[in-house]
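Below is one structure, written out as structure tokens; the observations come after it.
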Amino acid sequence: MKINRSPWIYQLEHGRTVDELRSDLETDICIVGAGIAGVATAFFLLKNTDKKIVILEKFKVARGATGHNAGQVVSYFERPFPELVEEFGLTLACEGQKAIEDSWTYIDEMYTDARLAIPYARFTGYDGFSTYDQVLEQLKTNVLRKKGGLPIREVWISDTASFAKDISAEYEGFYKIVSHQAILGALETKQKGFVAALLDQKGVINSALFCEHVVAYLKDAYKDRLSIFEKTPIRKVVAKKDSALIDAGSHTVSARRVILCTNGFEGFSIINEGGLAIDTKFHHLVNGVVARMSGYLENMNKPPMAVSYYVTPEPGFDSMLDPYFYLTRRNYEFEKGKGEHNLICLGGPQHDIPDREEYLYEYDYPDEVQGEIDRFVRKIYDVDPNRKIEYQFTWHGLMGYTPNRVRLIGAEPKNPVLLYNLGCNGVGILPSIYGGRRIARIIAGDTIPPTIFDPKG
């Protein structure tokens, strides 16, 4: 068994001192969780309101799910867009999709305001498809996007695809026929089973390092309004009519509002003295999915990239692979003073865990998963049979999935003293940042129309 070793946490400042909660406090806002969601929420609250904020984190900044993710920035939902339209209607679904796509400007705002110099790349990324059904889903999505006022996304279909000449006329103008070599070149693979690709904006960033640097900026820029306490797990949130008490063991934080920016699996309870019970509902807002990833270094002679591969075990593929893998490439400084490399990160294998089952980041990394990832990379991306790949990193992380795979952002209907910005749903960086901006608008008293992200009663 390999240990859980994340490339994102590896780059953090390990000798940094932390402050733990050592007395009772009063504040305007208490944020629970200092991952990407909590840090983004604090950033926009501090910038756009005059509120005093306390952040409580049971580990250290970004050492939880944010430090154990895939590190790629994407603007899609891990759910087919036509299903979102069916559930929420075309208008709300398109507004929700647009909100996430527009959030690239929010991550840029954070990066610029904090004067960051850490690596962050944006580029055209690709999704590779191997069946007509996969392509058809993208074509249906394009039709709905155009109908809802969103720009269509570019879909390439190989001129050798068996279905290329049989596509319904209703999708004319929603795709482009290109050479098969263009598809394989974009996906950087020799596997001829890939016959189509979706082009979309993607990015790569160490979101844990991003959080650590943004927190340092916030502590300096808003030293009179921000306090952050790490290694401070909470036991209980008591939501009253106009305030909340947060039980952090030996000490208590009293706040006008409390915002939960967790993955939904923390071992605390919620008592709603201002109305109906919330605790049972909260602990069923998300289901756990453990994702496994691996990373290795190669020469820094290629640009950053991000590709998702949708594989089907049928003619055209010479191996039986997991149906979905993703791969990113970025520049990465592995050891100080020894120059940068390209870090190749791969993921795909994952498993569900029962609700409330304990998950620990200290769990070992299964050898069989490492073998599955290695088989994938050798079949799809790094096809040199003589190349020895040394995996410097093998890591896993807990993702919180809401029942409909849409992030929860907003006030708890049973008591608006409690707010949420939670639910990774597999693609958490941009939605977390959007959630932070939206929460800040709610706290500021802005009039905000309903969205697909609103917590339901």
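The values are calculated or read from the model by the stated rules, or taken from the named source; none is laboratory data. If you're wondering where the values come from, they're calculated on a predicted model, not measured in any experiment. Virtual Cβ from ideal backbone geometry, glycine too; neighbours counted across all protein chains shown.
Assorted remarks:
- Where a residue in region 344-355 is assigned by TED's automatic domain parsing to the domain that holds residue 299 and its partner, wherever it lies, is acidic (Asp, Glu) and at pLDDT 80 or above, with Cβ under 7 Å and at least six apart: 344/298; 349/372
- For region 116-135, a residue qualifies if it is over 21 Å from the mean Cα position of the chain (by Cα) and part of a strand (DSSP E or B), and exactly one does: 129.
- Among residues of region 233-260 that are farther than 16 Å from residue 21 by Cα, those with a Cβ under 6 angstrom from a residue that is among the acidic types (Asp, Glu), sequence gap 6+ or separate chain, pair up as 240/273; 256/28.
- Subset of region 369-410 [within 23 Å of residue 307 (Cα to Cα) and free of Cβ contacts under 8 Å to residues at least 12 places away in the same chain]: 371, 378, 384, 385, 387, 388
- Residue check for residue 227: of a type in the set (S, T, N, Q), more than 30 Å from residue 134 (Cβ to Cβ) and touching a Ser or Thr at 6+ places or on another chain (Cβ under 7 Å): no
- Check on residue 132, of a type in the set (Phe, Trp, Tyr) and touching a Ser or Thr at 6+ places or on another chain (Cβ under 9 Å): yes
- Filtered residue count, region 199-248, keeping only those that are surrounded by fewer than 22 Cβ atoms within 10 Å (Cβ to Cβ) and not assigned by TED's automatic domain parsing to the domain that holds residue 28: 3
- Single residue of region 1-38 satisfying the filter (among the aliphatic types (A, V, I, L, M) and touching a Pro at 6+ places or on another chain (Cβ under 9 Å)) that is surrounded by the most Cβ atoms within 10 Å (Cβ to Cβ): 37
- Note on region 64-115: residues that are part of a loop (DSSP other than H, G, I, E, B) and either touching a strand residue (DSSP E or B) at 6+ places or on another chain (Cβ under 9 Å) or not hydroxyl-bearing (Ser, Thr, Tyr) (or both) amount to 15.
- Some residue of region 386-394 being over 21 Å from residue 30 (Cα atoms) and at pLDDT 95 or above: no
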